[in-house]
Amino acid sequence: MVSFHSILAPLATSVLLGQALAHPGEQHTAEQIKREISAQHRANHKMARALERCANNPSYVARRERAVTRRSETAKSLRQKRSIEHKPVRGKRDEAALEKWMAVSHNQTAQGYNLDTPYTELFSGNASCALVEETTIGPYWVEGELVRADITEDQAGVPLHLDVQFVDISDCSAVSDMVVDIWHCNATGVYSGVSATGQGGLDSTFLRGAQISDADGVAQFDTVFPGHYQGRATHIHVLTTKEATVLTNQTYEGGVATHIGQFFFDQDLISAVELNAPYSDNQQDLTTNADDGIAAGEATDDYDIFMDYALLGDSAADGLMAWIVVGVDTSSNHTDSVQAAAHHYADGGVDTSDGTQPGPPPGASGAPSAIPRF
């Protein structure tokens with residue numbers, strides 16, 4: 001039997017209840033949170049039952065084997081690029097460390113891995129999660145995000161490579177040709193693309209982007225490890241959309257929103273990253289995973305909300321690689337829950353946080369002709 005230990009907690013269920021200083025838009029009533037917890041639990045049970053049968057599915061097993069090879073080759077390439085091949089890979093999430101997500105230390109840097117450890121062992125971790133709809137998408141999703149693998153731009157921070165694989169819970173097949181849209185704050189807790197006070201502004205696009213899942217249901221990104229801000233634990237937002245259209249300017253539009261959620265990281269890893277500049281310059285109070293609202297109450301012996309990861313060198317500063325397998329219900333439609341804070345056009349961004357849908361800014365040519373992708 002395959003063990004599926006992780007969940008992808010939705011935004012609202014991981015908000016610090018009653019925290020007055022979180023980013024605007026992240027406040028939820030007790031009734032909203034209760035409803036979202038119930039939806040999360042139902043989805044987790046459905047996902048677990050559906051994916052148990054994948055253990056003997058030949059195509060699923062083959063994809064898992066290819067995933068190990070892919071992660072291994074990617075790690076080698078990243079290490080060569082950063083000239084750290086001489087350093088051992090220092091950490092990995094381990095099945096034994098997933099027994100209870102807050103009851104054990106998740107710091108795996110003392111596992112004894114070295115340059116002689118087979119990469120097939122280092123990158124075989126297979127944490128899995130279920131993306132679940134939420135009442136609100138959160139305050140800072142932006143329409144018109146670029147389809148690109150590297151979303152770093154000029155942002156300083158610990159390099160992070162993400163490898164996310166999507167599996168259809170109905171038949172264990174790969175979910176290909178799906179837009180996977182991610183966004184997160186920078187090392188000092190600032191989001192791009194929005195006009196809210198203290199954020200990056202409507203014309204900024206850093207740490208945002210989308211990829212199209214490939215034949216194995218995989219989407220990969222290069223970014224920097226997210227920082228923190230008052231009232232929220234460290235996280236990355238994700239939105240998946242089927243039947244969208246990729247435009248000639250390499251953005252996407254339309255489609256059916258299938259899932260909304262977040263990725264989380266071990267507290268020990270967060271602490272190690274936060275020792276480095278510019279994270280260490282962040283003056284906002286750091287909220288731990290344990291204090292991030294009711295996320296702590298969501299984890300059980302069967303579900304752990306964290307991504308698997310490996311340090312690519314001696315320390316977090318050398319860069320990280322994180323991966324997860326996501327079980328999704330492709331029949332879901334949560335488009336009504338998706339509302340953008342802004343829309344980014346080639347000539348600038350437009351605020352849509354009030355629910356309006358204005359056209360492009362003055363002088364913009366509007367949306368380019370569409371390229372049917374799916």
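The values are calculated or read from the model by the stated rules, or taken from the named source; none is laboratory data. As the structure is a computational prediction, the values presented were derived from the model and not from experiment. Note that each Cβ is placed from the backbone with ideal geometry, even for glycine, and that neighbours are counted across all protein chains shown.
I need the full set of residues from region 131-153 which are modelled with pLDDT of 95 or more and either of a type in the set (S, T, N, Q) or touching a Phe, Trp or Tyr at 6+ places or on another chain (Cβ under 7 Å) (or both), in order please.
Once the filter is applied, which keeps residues that are modelled with pLDDT of 95 or more and either of a type in the set (S, T, N, Q) or touching a Phe, Trp or Tyr at 6+ places or on another chain (Cβ under 7 Å) (or both), region 131-153 yields V147, A149, I151, T152, E153.
Residues are listed down the side, and each one gets a yes or a no for (1) assigned to a loop (DSSP other than H, G, I, E, B); (2) touching a Gly at 6+ places or on another chain (Cβ under 7 Å):
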site: V164; (1), (2): no, no
site: V180; (1), (2): no, no
site: G198; (1), (2): yes, no
site: T205; (1), (2): yes, yes
site: A210; (1), (2): no, no
site: T223; (1), (2): no, no
site: P226; (1), (2): yes, no
site: T258; (1), (2): no, no
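Cβ-Cβ under 7 Å, sequence separation 6+ or interchain: first residue in region 196-214 and in contact (Cβ under 8 Å) with a residue 60 or more places away in the chain and under 13 Å from I182 (Cα atoms), partner surrounded by fewer than 21 Cβ atoms within 10 Å (Cβ to Cβ) and among the small types (G, A, S). Which pairs?
Taking only residues 6 or more apart or on different chains, the pairs are Q211/A149.
Is there any pair with a first residue in region 44-71 that is at pLDDT below 80 and a second that is among the aromatic types (F, W, Y) and crowded, with 19+ Cβ neighbours inside 10 Å whose Cβ atoms are under 6 Å apart and which are 6 or more apart or on different chains, and what are they?
Once the first residue is at pLDDT below 80 and sits in region 44-71, its partners that are among the aromatic types (F, W, Y) and crowded, with 19+ Cβ neighbours inside 10 Å give N44/Y303; A48/F4; L51/F4; C54/Y60.
Looking only at residues that are surrounded by fewer than 18 Cβ atoms within 10 Å (Cβ to Cβ) and of a type in the set (G, A, S) in region 256-277, which one is nearest to A219 (Cα to Cα)?
Filtering first and then ranking leaves S271.
Residues checked against (1) surrounded by fewer than 23 Cβ atoms within 10 Å (Cβ to Cβ); (2) among the β-branched types (V, I, T):
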residue	(1), (2)
F166	no, no
S170	yes, no
C185	no, no
T205	yes, yes
G209	no, no
D214	yes, no
D222	yes, no
G231	yes, no
I236	no, yes
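Which of (1) more than 18 Å from G157 (Cα to Cα); (2) at pLDDT 85 or above; (3) not charged (D, E, K, R) is the odd one out, the single condition V325 does not satisfy?
Of the numbered conditions (1) more than 18 Å from G157 (Cα to Cα); (2) at pLDDT 85 or above; (3) not charged (D, E, K, R), the odd one out for V325 is (2).
(1) surrounded by fewer than 24 Cβ atoms within 10 Å (Cβ to Cβ); (2) touching a strand residue (DSSP E or B) at 6+ places or on another chain (Cβ under 7 Å); (3) part of a loop (DSSP other than H, G, I, E, B): which one isn't true of V194, the others all being true?
(1)
Pull out all pairs, ordered by first then second residue, where Cβ-Cβ is under 8 Å, the residues are six or more apart or on different chains, the first lies in region 261-272 and is of a type in the set (D, E, K, R), and the second is outside any helix (DSSP H, G or I).
That search, which allows pairs on different chains as well, returns D266/R93; D266/H106; D266/N107; D266/F306; D266/Y309; D268/S105; D268/H106; D268/N107.
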